[in-house]
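> Please see the structure below; I have some questions.
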Amino acid sequence: MGIRISTWNVNSIRIRLDGLQRLVETARPDVVCLQETKVADHLFPAAAIRELGFEHQLLHGAKGYNGVAILSRRPFIETGTRAWCGREDCRHALASIDAGEGIGPIEIHSLYVPAGGDIPDPETNDKFAHKLQFLEEMRDWSMSLSPDTPAVLVGDLNVAPLESDVWSHRQLRNVISHTEPEIERLNRAMEDGLWIDAVRHLIPPPERLYTWWSYRARDWSASDRGRRLDHIWVRPELEPRFDDVQVLREARGWPKPSDHVPVTLSLKD
DNA sequence: ATGGTTGTAGGACAA
């Protein structure tokens with residue numbers, strides 16, 4: 001049976017329902033993890049999404065900003081949310097789901113790391129300080145996870161760590177998402193066997209790979225000034241289950257696109 | 001060169 005897990009920063013779920021349907025038809029996910037749903041739970045378009053086959057929905061949203069969700073064809077075994085940096089700002093939802101006979105239950109985490117504002121100085125920019133603190137907390141949290149439970153962490157981590165994750169390492173090295181302090185902290189959160197970057201395991205550098213293109217470009221595809229901000233990490237024990245990864249670049253060209261595209265991981269039995 | 005666009009809002013702010 002295996003399992004297919006998609007992650008997508010939708011930048012408002014209510015205006016991305018057509019896109020979600022296209023994602024479901026194209027990538028055939030069993031589980032969809034969303035970020036930036038930008039809607040309070042009682043206004044979430046649950047019925048329309050149920051129609052797409054996702055009967056089980058874990059919502060963790062707020063009015064206007066942030067918001068994460070996990071949509072599943074299969075029942076949840078357990079669900080939860082987590083507050084980061086002492087803030088209840090709807091950036092993390094988790095659910096355990098049966099991934100099939102050979103794999104068993106896995107814990108799936110949908111995460112939305114703060115973007116961090118514009119100025120890469122934690123002294124003058126509180127948003128950047130928050131982002132760095134969040135990334136530091138990711139290591140502590142990762143080390144606290146049970147070593148027995150296979151886990152997958154997906155979402156908009158808002159950091160493009162590798163040179164081949166950005167259109168120009170030189171021009172972005174002082175731009176938030178690709179600065180040294182962010183990359184250091186993101187790497188610390190993965191090191192020592194905590195997580196494997198599943199996407200780069202299956203599509204290794206130096207191949208360029210992006211999941212986000214700014215809305216501000218005249219022609220996003222022609223200029224192709226993208227960054228890989230959306231990630232899928234898995235605990236090392238799941239590595240033998242890797243089957244395939246798909247970055248749905250074409251979604252950036254859909255009508256009313258999000259600025260992020262979906263990423264899908266297939267795990268096999 | 002310090003722009004440009006999208007979204008939630010129904011003005012300013014976040015991304």
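The values are calculated or read from the model by the stated rules, or taken from the named source; none is laboratory data. This one's a predicted model, so the numbers in the text were calculated from it and none came from an experiment. FYI the Cβ positions are ideal-geometry reconstructions off the backbone, even for glycines, and counts take in every protein chain you see. Remember, those area values only see protein heavy atoms, side chains included, never the ligands or the DNA or RNA. Shrake-Rupley method; radii C 1.70, N 1.55, O 1.52, S 1.80 Å.
> Answer yes if at least one residue in region A:158-173 is more than 14 Å from DNA strand B (Cβ to nearest atom), touching a Ser or Thr at 6+ places or on another chain (Cβ under 6 Å) and under 25 Å from residue A:94 (Cβ atoms), and no otherwise. Reasoning before the result, please.
Here is the first cut: in region A:158-173, the ones more than 14 Å from DNA strand B (Cβ to nearest atom) are A:161-166, A:169-170, A:173.
Then keep just the ones that are touching a Ser or Thr at 6+ places or on another chain (Cβ under 6 Å); that gives none.
The answer is no; no qualifying residue exists.
> Provide a single number: the residues in region A:67-84 that are open to solvent by less than 20 Å² (accessible area, probe 1.4 Å) and hydrophobic (A, V, I, L, M, F, W, C).
Total satisfying the criteria: 5.
> Another one. In region A:209-237, what count of residues is obtained for those that are in a loop (DSSP other than H, G, I, E, B) and free of Cβ contacts under 8 Å to residues at least 60 places away in the same chain? Spell out the reasoning first.
If we filter region A:209-237 for residues that are in a loop (DSSP other than H, G, I, E, B), which is where we start, we get A:209-211, A:214-219, A:224-225, A:228-229, A:235.
Narrowing further to those that are free of Cβ contacts under 8 Å to residues at least 60 places away in the same chain: A:209-211, A:214-219, A:224-225.
Qualifying residue count, region A:209-237: 11.
> Return the only residue of A:120, A:105 being touching a residue at least 24 places away in the same chain (Cβ under 8 Å) and surrounded by 16 or more Cβ atoms within 10 Å (Cβ to Cβ). Talk me through it step by step, then tell me what you get.
Working: A:105 fails: surrounded by 16 or more Cβ atoms within 10 Å (Cβ to Cβ).
When all the criteria are applied, what remains is A:120.
> I would also like to ask the following. How about region A:132-144: which of its residues are in contact (Cβ under 8 Å) with a residue 40 or more places away in the chain and either of a type outside the set (Gly, Ala, Ser) or closer than 18 Å to residue A:77 by Cβ (or both)? Even if it seems obvious, please write down each step before you answer.
First pass over region A:132-144, keeping only residues in contact (Cβ under 8 Å) with a residue 40 or more places away in the chain: A:132-139, A:141-143.
Result: A:132, A:133, A:134, A:135, A:136, A:137, A:138, A:139, A:141, A:143.
> Name the single residue, out of those in region A:228-264 being in contact with a strand residue (DSSP E or B) (Cβ under 6 Å, 6 or more places away or on another chain) and β-branched (Val, Ile, Thr), that is most open to solvent (accessible area, probe 1.4 Å).
A:247
> Output the number of residues of region A:192-218 satisfying the condition of being open to solvent by 80 Å² or more (accessible area, probe 1.4 Å) and among the acidic types (Asp, Glu). I'd like the intermediate steps shown before the answer.
Filtering region A:192-218 for residues open to solvent by 80 Å² or more (accessible area, probe 1.4 Å) gives A:192, A:201, A:206-208, A:215-216, A:218.
From what is left, the residues that are among the acidic types (Asp, Glu) are A:192, A:207.
Total meeting the criteria: 2.
> Please count how many residues of region A:144-159 are of a type outside the set (Val, Ile, Thr) and more than 28 Å from residue A:268 (Cβ to Cβ). Outline the logic, then answer.
Of all residues in region A:144-159, those of a type outside the set (Val, Ile, Thr) come to A:144-148, A:150-151, A:153, A:155-158.
With the extra rule that they be more than 28 Å from residue A:268 (Cβ to Cβ), the set shrinks to A:144, A:158.
Result for region A:144-159: 2.
> If I ask for residues that are more than 25 Å from residue A:98 (Cβ to Cβ), of a type in the set (A, V, I, L, M) and not in a loop (DSSP other than H, G, I, E, B), which ones from region A:11-46 would you list?
A:17, A:43
> What are the pairs, 6+ residues apart or on separate chains, where a residue within region A:179-200 that is closer than 13 Å to residue A:155 by Cβ has its Cβ under 7 Å from a residue that is of a type outside the set (A, V, I, L, M, F, W, C) and in a helix (DSSP H, G or I)?
A:189/A:139; A:189/A:142; A:195/A:142
> Give region A:168-178 a look and list any residue that's closer than 12 Å to residue A:228 by Cβ and either in contact with a Leu (Cβ under 7 Å, 6 or more places away or on another chain) or open to solvent by 60 Å² or more (accessible area, probe 1.4 Å) (or both), or say none.
A:177, A:178
> Please pick out the residue among A:206, A:240, A:161 that is within 28 Å of residue A:29 (Cβ to Cβ), at pLDDT 95 or above and part of a loop (DSSP other than H, G, I, E, B). Even if it seems obvious, please write down each step before you answer.
Values: A:206 fails: within 28 Å of residue A:29 (Cβ to Cβ); A:240 fails: part of a loop (DSSP other than H, G, I, E, B).
Criteria check complete, one pass: A:161.
For every residue, the table says whether it meets (1) open to solvent by less than 60 Å² (accessible area, probe 1.4 Å); (2) of a type in the set (Lys, Arg); (3) over 20 Å from residue A:232 (Cα atoms); (4) within 15 Å of DNA strand B (Cβ to nearest atom).
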{"position": "A:4", "(1), (2), (3), (4)": "no, yes, no, no"}
{"position": "A:8", "(1), (2), (3), (4)": "yes, no, no, yes"}
{"position": "A:11", "(1), (2), (3), (4)": "yes, no, no, yes"}
{"position": "A:18", "(1), (2), (3), (4)": "no, no, yes, yes"}
{"position": "A:21", "(1), (2), (3), (4)": "no, no, yes, no"}
{"position": "A:27", "(1), (2), (3), (4)": "yes, no, no, no"}
{"position": "A:31", "(1), (2), (3), (4)": "yes, no, no, no"}
{"position": "A:42", "(1), (2), (3), (4)": "no, no, yes, yes"}
{"position": "A:50", "(1), (2), (3), (4)": "no, yes, yes, no"}
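> Mind listing just one residue for me: the one in region A:175-203 that is out of contact with any helix residue (DSSP H, G or I) (no Cβ under 7 Å at 6 or more places or on another chain), among the β-branched types (Val, Ile, Thr) and in a loop (DSSP other than H, G, I, E, B) and, of those, farthest from DNA strand B (Cβ to nearest atom)? Talk me through it step by step, then tell me what you get.
Step one: filter region A:175-203 for residues out of contact with any helix residue (DSSP H, G or I) (no Cβ under 7 Å at 6 or more places or on another chain), giving A:175, A:177, A:179-180, A:183-184, A:187, A:190-192, A:198-203.
Of the ones still in play, those that are also among the β-branched types (Val, Ile, Thr) are A:175, A:179, A:183, A:199, A:203.
With the extra rule that they be in a loop (DSSP other than H, G, I, E, B), the set shrinks to A:175, A:179, A:203.
Numbers: A:175: 10, A:179: 15, A:203: 24 Å.
Filtering region A:175-203 for residues that are out of contact with any helix residue (DSSP H, G or I) (no Cβ under 7 Å at 6 or more places or on another chain), among the β-branched types (Val, Ile, Thr) and in a loop (DSSP other than H, G, I, E, B), the one farthest from DNA strand B (Cβ to nearest atom) comes out as A:203.
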